[in-house]
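Working notes, beginning with the structure itself.
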Amino acid sequence: MPAAQAVAASQPPVVMLIMDEFSGPSLEGPSGALRRDRFPHLADFADTATWYPRASTSADATLAAVPSLLTGIDQEGWLTPNQSLFQMLRQTHRLIHFEGFSDIDGLCTSCPAAPKPQMRLGGMMIRGIDEQAASVRGTLGAIRALRKHSKRPPLWTAHILLPHGPYRFLPSGDQAIQSQLTTFPGLGENKRWGPDVHIPVLSQQRFLLQGKYMDRLVGELKQDLIRGGWWKKSLVIIAADHGASFHPNTSRRVIEERSFASIANVPLLIKYPGQRRAVVDRGSAQLTDVVPTIAAVTGKTVGWPTVGLNLKGRRPNREVNVFRADDLTWNAHSWAQFVAQRQEEVDQWNSRFPGSAADTWIGPDASLRGRLVDRLSIHSSSSSSAKIERADTWLKAEPRSGFLPVLVGAVLKGVPAGSPLVASLNGRIVTSGYSYRNGSRIEATLMLPASSLKRGHNRVRLLLAPAGEPLTQLASTP
């Protein structure tokens, strides 16, 4: 065997899946373990990997965060092609690369064309012509390319635009039919959440549901690494570029004091070659550490100055410094500040969603769940009403189409912000929520369980549900 081939054959495969806009605190349960009920495939991956629950990004925007991850350099913009992971491993590894975000599609100048997209996941067609759906198809196509064994180990990288909003995918792969009102309920034109505490909760729930769909791709990645014979000896990194905020009166994406940990803390899990047991490392870990760690594992030399450290070595508890892309400033928290705020985020996630997101009643009076409307006392009101957006959507529902009318959006009149609401589907109360102020309007968005839809005509009723008082009907679909 020629010397170059021998060197390549001795190298571990390097695999990196980059998720987008994934808030790290959502992974952790009350006991400190990774929430298997929320993300079963990530939890399965973590069983033989090292989880860095306190990992942090270097930027609140993809355009800077992904280049930082691929270079080990704090980036404020585009990476330099000869200072990247691709350049470091191109002589010994077969490059397989898919980039889901068109604005940074040229990050790897030496990579061949991306593998053929795959159109189905688990038998379900991946529908949609937008960049988000295309990134799912492209990532799955790149995953399938790992089934093919080769003499040179792969350097495999893929950046998927999930669980990034809009939150429309359900765990099944079905997609929620959305409108302007229901895409990001209560998010103002300035991309900031309004003041009502209930506003971000529905989007938070939908993030978890879309995250569970994203989680299925982690399972596909592991299975195809096993099929290709790469799994045991591979170095596999699962990370995200930045998080997102679900706090009232904060920007959904721009980092600020109240949302620092929810945006800065990101998932980072690494399976090292030959690793067989779970390790949880609660020390300092940053996305800029990934390239130096890959270099240490592969025996390579990083040919440029980096700010990152080898995650397998000793590391001090470092300040967390995040580049804010909208005003080109750096925002820092001490390690102690970051850890404390992150724990608050973890506690809030588990308080809001103690069980499965799909089964959580996120509004008032859970005793109403499952009740038949016709057996309850229902009042009408001349002073309170609502108009359900796109009410004809439920006239001809087709559950097998892949697009489901599960979001009930309405504009309310005579109903204060923060009022408790429930909705019935085909005569049974199935969901709840609260009204909220959005500019000059009072609105509401509630999510119906997909399992309760039937083919053809469905009837939705929106009702005011004040504690200890009869329900008041606000609107009904035909």
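The values are calculated or read from the model by the stated rules, or taken from the named source; none is laboratory data. From a predicted model like this one, the values you see are computed outputs, not experimental measurements. Methodologically, a virtual Cβ is constructed for each residue, glycine included, from the backbone with ideal geometry; neighbour enumeration extends over all protein chains shown.
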Checked against (1) among the hydroxyl-bearing types (Ser, Thr, Tyr); (2) more than 25 Å from the chain's Cα centre (by Cα); (3) surrounded by 23 or more Cβ atoms within 10 Å (Cβ to Cβ), SER259 satisfies every condition except (2)
Residues satisfying the stated conditions in the stretch 397-416, i.e. crowded, with 18+ Cβ neighbours inside 10 Å, among the small types (Gly, Ala, Ser) and within 17 Å of LYS387 (Cβ to Cβ): GLY409, ALA410
Quick check on the stretch 199-216. Is at least one of its residues more than 25 Å from LEU69 (Cβ to Cβ) and more than 19 Å from the chain's Cα centre (by Cα)? no
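Restrict the check to the stretch 226-240 and report whether at least one residue is in the same structural domain as ALA340 (by TED's automatic domain parsing), among the charged types (D, E, K, R) and outside any loop (DSSP other than H, G, I, E, B).
Going through the stretch 226-240, the residues in the same structural domain as ALA340 (by TED's automatic domain parsing) turn out to be 226-240.
Applying the additional criterion that residues be among the charged types (D, E, K, R) yields 227, 232-233.
Add one more test, that the residue is outside any loop (DSSP other than H, G, I, E, B), and what stays is 227.
Scanning the stretch 226-240 turns up at least one residue that is in the same structural domain as ALA340 (by TED's automatic domain parsing), among the charged types (D, E, K, R) and outside any loop (DSSP other than H, G, I, E, B).
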Give the stretch 443-478 a look and list any residue that's assigned to a loop (DSSP other than H, G, I, E, B), in contact with a Ser or Thr (Cβ under 6 Å, 6 or more places away or on another chain) and buried (at least 20 other Cβ atoms within 10 Å of the Cβ), or say none. LEU448
How many residues, within the stretch 245-273, are outside any helix (DSSP H, G or I), in contact with a strand residue (DSSP E or B) (Cβ under 9 Å, 6 or more places away or on another chain) and either under 22 Å from HIS164 (Cα atoms) or of a type in the set (Lys, Arg) (or both)? 20
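Which of the residues spanning the stretch 458-471 are out of contact with any helix residue (DSSP H, G or I) (no Cβ under 9 Å at 6 or more places or on another chain) and more than 14 Å from ARG375 (Cα to Cα)? First the steps, then the outcome.
Pass one, the stretch 458-471, residues out of contact with any helix residue (DSSP H, G or I) (no Cβ under 9 Å at 6 or more places or on another chain): 462, 464, 466-470.
Listed by number, the residues that qualify are LEU462, LEU464, PRO466, ALA467, GLY468, GLU469.
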In the stretch 422-440, what residues are at pLDDT 95 or above and surrounded by fewer than 21 Cβ atoms within 10 Å (Cβ to Cβ)? ASN426, GLY427, ARG428
Criterion violated by GLU345 - all others in (1) out of contact with any Pro (no Cβ under 6 Å at 6 or more places or on another chain); (2) under 19 Å from ARG258 (Cα atoms); (3) in a helix (DSSP H, G or I); (4) not small (Gly, Ala, Ser) satisfied: (1)
Considering only residues that are outside any strand (DSSP E or B) and modelled with pLDDT under 95, which ones fall in the stretch 115-126? GLY122, GLY123
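Does at least one position in the stretch 357-380 carry a residue that is of a type outside the set (Lys, Arg) and more than 30 Å from ILE429 (Cα to Cα)? So that I can check it myself, show each step before the final result.
Within the stretch 357-380, the subset of a type outside the set (Lys, Arg) is 357-368, 370, 372-374, 376-380.
The next check asks that each one be more than 30 Å from ILE429 (Cα to Cα); those that pass are none.
So far as the stretch 357-380 goes, no, none of its residues is of a type outside the set (Lys, Arg) and more than 30 Å from ILE429 (Cα to Cα).
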If I filter the stretch 414-442 down to residues being in contact with a Lys or Arg (Cβ under 8 Å, 6 or more places away or on another chain) and part of a strand (DSSP E or B), which single residue comes out as nearest to GLN204 (Cα to Cα)? SER432
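Out of LEU63, LEU27, which single residue is assigned by TED's automatic domain parsing to the domain that holds SER251 and either over 28 Å from ARG94 (Cα atoms) or at pLDDT 95 or above (or both)? Talk me through it step by step, then tell me what you get.
On the way: LEU63 fails: either over 28 Å from ARG94 (Cα atoms) or at pLDDT 95 or above (or both).
Exactly one residue qualifies, and that residue is LEU27.
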Considering the stretch 358-373, residues that are part of a helix (DSSP H, G or I) and not charged (D, E, K, R), and then whichever is surrounded by the fewest Cβ atoms within 10 Å (Cβ to Cβ), we arrive at SER367
Which residue is surrounded by the fewest Cβ atoms within 10 Å (Cβ to Cβ), if the candidates are limited to the stretch 149-186 and must be hydroxyl-bearing (Ser, Thr, Tyr) and more than 16 Å from ARG252 (Cβ to Cβ)? SER179
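If I ask for residues that are among the charged types (D, E, K, R) and either closer than 11 Å to LEU95 by Cβ or in contact with a Leu (Cβ under 7 Å, 6 or more places away or on another chain) (or both), which ones from the stretch 139-156 would you list?
Filtering the stretch 139-156 down to residues among the charged types (D, E, K, R) leaves 144, 147-148, 151-152.
Once the filter is applied, which keeps residues that are among the charged types (D, E, K, R) and either closer than 11 Å to LEU95 by Cβ or in contact with a Leu (Cβ under 7 Å, 6 or more places away or on another chain) (or both), the stretch 139-156 yields only ARG152.
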How about the stretch 336-357: which of its residues are polar (S, T, N, Q), exposed (fewer than 15 other Cβ atoms within 10 Å of the Cβ) and touching a residue at least 60 places away in the same chain (Cβ under 8 Å)? SER356
Is one or more of the residues making up the stretch 208-221 crowded, with 20+ Cβ neighbours inside 10 Å and assigned to a loop (DSSP other than H, G, I, E, B)? no
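Of these, THR92, THR71, THR57, which one is in the same structural domain as GLY308 (by TED's automatic domain parsing), among the β-branched types (Val, Ile, Thr) and surrounded by fewer than 22 Cβ atoms within 10 Å (Cβ to Cβ)? Don't jump to the end; show me each part of the working.
On the way: THR71 fails: surrounded by fewer than 22 Cβ atoms within 10 Å (Cβ to Cβ); THR57 fails: surrounded by fewer than 22 Cβ atoms within 10 Å (Cβ to Cβ).
Result of the check over THR92, THR71, THR57: THR92.
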Among the listed residues THR92, THR157, identify the single one that is closer than 30 Å to VAL307 by Cα, assigned to a strand (DSSP E or B) and of a type in the set (S, T, N, Q). THR157
Kindly indicate which of LEU309, LEU328 is crowded, with 20+ Cβ neighbours inside 10 Å and not acidic (Asp, Glu). LEU309
